[in-house]
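What follows draws every value from the coordinates through simple rules; no lab data is involved. Bear in mind that the values here come from a model prediction, so they are computed numbers and not experimental data. When we count neighbours, we look across all protein chains shown, and the Cβ atoms used for this are built from the backbone with ideal geometry, even at glycine.
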DNA sequence: CGAAACATTGACAACTTTCAATTGCCGTGG
DNA sequence: CCACGGCAATTGAAAGTTGTCAATGTTTCG
């Protein structure tokens, strides 16, 4: 039952820069979203090197974050030593916003990463006055809840289904068409899907053999037959 | 991979009664909770016989519900025919409140059940004026999110750990001390934990052999050694 | 270039599901 | 009241899936 768990300890310090990032810089979805606007108006940008911790599990959840560039993962170490990855956040995604004073997960940079940080109290204060913002916060929460519920549904499926789902999800979110450049290592994927690295690796190989995907390099995957992947998921 | 799935089809009609239920009637937690007060002020009570559907997956989520008596489960049929149970709701618990217009899960009465129903729009209207209520709604959402996240952590554990967790959770929520009167059948438990009935049954038998629990009848379980169960969870 | 980290593959073990049979429980009707 | 039927629960045996351990191959980066 004990999978190996990859626990990275990095003490790299983040670089804090005070200049403002124009909202348009992020994924183009900035306009018309009051939440994104608010974050960029009031926030400061910070840079984290690969594998650096952005915040720790149990720390006070005083800030909300939005990815500007790079990729972030949230994770939690289970009592048996394994690690569960809560999710991956790509440019434009918001993370770290909690409904209680402690972070449930920790957050780490998967690659060199830039994020915008804003104090939660500030966000809440504005939300008290701006209905659109508070509505947007509700919507964000709803999406987050749905995302976690989908993970529950995912975790009762077979290894093949989980991996197929992961590939389709990444392909859609990263918008690289059929080519996926994975920013994370196999261990991250395994801990996200509740599998071992070996099972993830074997499943990918098997999907490659059945011509559903192509493994150019271990980090670059091409979807050759999306519907085959979707059927697995079905 | 295909477990058997228990799909119950019942066409029993609910009984709608218009009289108000005094808030104190519910679990004693009514006072000081503006959300519970609001529900009972504005809501109507409905009765559902065992296994009746309260709302269906995909239906419009116009109402929020609170259990008065009995037990409710939410569930979803997966494309492969299996069923995933989202959660069990005991007297006092609120369910069916969504952030979008469709229900993600369906809800059924596990036993004969009485619930209070309130229109979501009414709740939201009041929340717009009453800060305490809107704060309570946020808190409820936060708890729900945490609950689902815990289920994610649960589903990556062994069958024994899942069953132990389930027993401890039920014992705590039903407040029967060490005696648990299970309102649901084994299939419900299995679909909640992402296991098969056989595995649940075997695990319970094994826990009974190791003297951690006692199976008086299949519906009545006595916790004999809570710390043994907790260690499994650890 | 070479070491270290990452990824893949194989063989085997452990856990869970599947299929099948049996037992126990409970309500209904004779 | 008891017997019967039906459903729920348990148990057994076998198969399938995933995890574990170990070896080998590959990539990355100083």
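Against the 2.2 N^0.38 Å scaling, with N counting residues, where does region B:133-177 land? I'd like the Cα-based Rg ratio to two decimal places.
The reported ratio for this selection is 1.43.
Would you calculate the convex hull of the Cα atoms in region B:27-177 and tell me its volume per residue in Å³?
122
Can you divide the C-alpha Rg of region A:94-144 by 2.2 N^0.38 Å and report the result to two decimal places?
Taking N as the residue count of region A:94-144, the ratio is 1.28.
Answer rounded, prolate or oblate for region B:160-200, using the Cα gyration tensor with square roots of eigenvalues a ≥ b ≥ c: rounded when a/c is under 1.5, else prolate when a/b is larger than b/c, else oblate. Don't jump to the answer; show the numbers that get you there.
On the way: a/c = 2.55, a/b = 1.71, b/c = 1.49.
It is prolate, given that a/c is not under 1.5 and a/b is the larger ratio.
Going 7 Å from Cα along the Cα-Cβ axis for the label, what nanometre distances separate residue A:169 from the same residue across the other copies?
With the label placed 7 Å along Cα→Cβ, residue A:169 yields 2.0 nm.
How tilted is helix B:120-129 with respect to the longest principal axis of chain B? Cα atoms for both, answer in degrees (0 to 90, nearest 10).
70
Label-to-label distances across copies for residue A:101, with labels 7 Å out along Cα→Cβ, in nm, shortest first?
Shortest to longest, the spacings are 4.0 nm.
Cα gyration tensor of region A:52-123, axes a ≥ b ≥ c as square roots of the eigenvalues: rounded (a/c below 1.5), prolate (a/b > b/c) or oblate?
The shape class here is oblate.
Need one number: convex hull volume per residue for region B:163-234, Cα atoms only, in Å³. Kindly include the intermediate steps, with their values, before the conclusion.
On the way: hull volume 5.7 nm³, N = 72.
About 80 Å³ per residue, rounded to a whole number.
Only helical DSSP H runs with n ≥ 4 go in: add -39500 (n - 2.57) per run for chain B, normalise by residue count and round the 222 nm mean residue ellipticity to 500 deg cm²/dmol. Intermediate results must be reported in sequence, preceding the final value.
Numbers: 7 runs with 88 residues, N = 234.
So the calculated ellipticity at 222 nm is -12000 deg cm²/dmol.
Return the distance in nm (one decimal) between the two label points of a simple spin-label model at residue A:78 and residue B:131, each offset 7 Å from Cα along Cα→Cβ.
With each label placed 7 Å out from Cα toward Cβ, I get 4.2 nm.
Indicate the gyration tensor shape class of the protein assembly as shown (rounded, prolate or oblate), computed on the Cα atoms with a ≥ b ≥ c the square roots of the eigenvalues: a/c under 1.5 is rounded; otherwise a/b larger than b/c is prolate and the rest oblate. Intermediate values should be presented prior to the final figure.
Working: a/c = 1.72, a/b = 1.22, b/c = 1.42.
It comes out oblate by the Cα gyration axes.
For residue A:227, which inter-copy label distances result when the label point lies 7 Å beyond Cα on the Cα-to-Cβ vector, reported in nm to one decimal and in ascending order?
Result, one decimal in nm: 6.1.
Mind listing P(r) for region A:111-234? All alpha-carbon pairs, 10 Å bins, whole percents.
So the P(r) values, bin by bin, are 12, 35, 27, 17, 9, 1.
Could you work out how far the C-alpha centroid of region A:104-180 sits from that of region A:78-95, in angstrom?
Result: 10 Å between the Cα centres.
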